[in-house]
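Asker: Below you'll find the structure I mean.
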Amino acid sequence: MKRVLVGLLIGAVCFSFAGCGSEIPEMTEEQQELVVEYAAGELLKFDKNHSVKLVELEEPEEEPEEDKAQAAPETEPAKEQQDEEDTSKEQEGISPEDVEVLDQGQENVSIEEFLGLGGAEISYTGFEVADSYPSDMGEEVYFYMDATENSKLLVLKFDLKNTSDAEQAFDLASGGVRYKIAVDGAVQNALTTMLMNDMTYYQGTLASGESTELVVVGEVPASQADQIATLELVMKSVDDTATISLN
């Protein structure tokens, strides 16, 4: 069949040369093969029944489900357990990011002992939940603060008393002690304020037997404000930590 096609194509080429009045050239077998390939390609361009087929690339076989299961990391069960614990905490109203493991530090220590105050006594008197503090805007109030949206201020109140026989100056800021508040187990940093009676920065002088109110301020969700069960004050210095239950 190929030789017949070669003959026909060569004849067509020769006829075209003859029409031009030229003498038919002699061609070697290789030249004839080239003429055939070229002519065949040209004819196929006009053949409506001819269609170009692309070679389909084989897609890699999908890994069996059993193999995938075996290839899964062994730590997956631990991750699932952690996810369940986080979900449980969120359902209880405690965000996993807000939960901190309490370092109890010193036990059976008073606030004044931790602060290194001699001739003084600091006692917890209760807490207040409010939208703003202080609520009584007297002439001597130079700073007040509002709760953020959907939250309430949690104001822990303490009484600082000079139990010595002489006037005494107090500088609670010099000790560098920082406070945290644990509300139903969820720990948060106390807010930084400019309140004159903020226990973190209090500086003042008290006469013998005189006392003044100090506060540590935090925030709680508004939905939790009326159902606080436990409160703890966490005191943290450079070298030590102590947690005091306020219930």
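Asker: Place a label point 7 angstrom from the Cα of Ser110 along the Cα-to-Cβ direction, then list the residues of region 151-189 whose backbone nitrogen is under 15 Å away.
Answerer: Counting only backbone N, you get 158-165.
Asker: What accessible area, in Å² to the nearest ten, does a 1.4 Å probe give for Met194?
Answerer: We get 140 Å² for Met194.
Asker: May I ask you to list the residues of region 150-186 whose amide nitrogen lies under 13 Å from a point 7 Å from Cα along the Cα→beta-carbon direction of Ser237?
Answerer: Once the point is set 7 Å along Cα→Cβ of Ser237, 172-178 turn out to lie under 13 Å by backbone N, inside region 150-186.
Asker: Right, next: Please check which bits of region 209-223 a label hung off Leu246 would reach, taking the label as a point 7 Å along Cα-to-C-beta and the cut-off as backbone N under 19 Å.
Answerer: Answer for this model: 212-223.
Asker: With the crude spin-label approximation of a point 7 Å out along Cα→Cβ, what separation in nm comes out for Ser174 versus Ser123?
Answerer: Between Ser174 and Ser123, the label points sit 2.7 nm apart.
The values are calculated or read from the model by the stated rules, or taken from the named source; none is laboratory data. Predicted model only: the values in this text are computed from it and were never measured. Please note: Cβ atoms are built from the backbone with ideal geometry, for glycine as well, and neighbour counts cover all protein chains shown. Quick note on the areas: whole protein, heavy atoms, side chains included, nothing else; ligands and nucleic acids left out. Shrake-Rupley method; radii C 1.70, N 1.55, O 1.52, S 1.80 Å.
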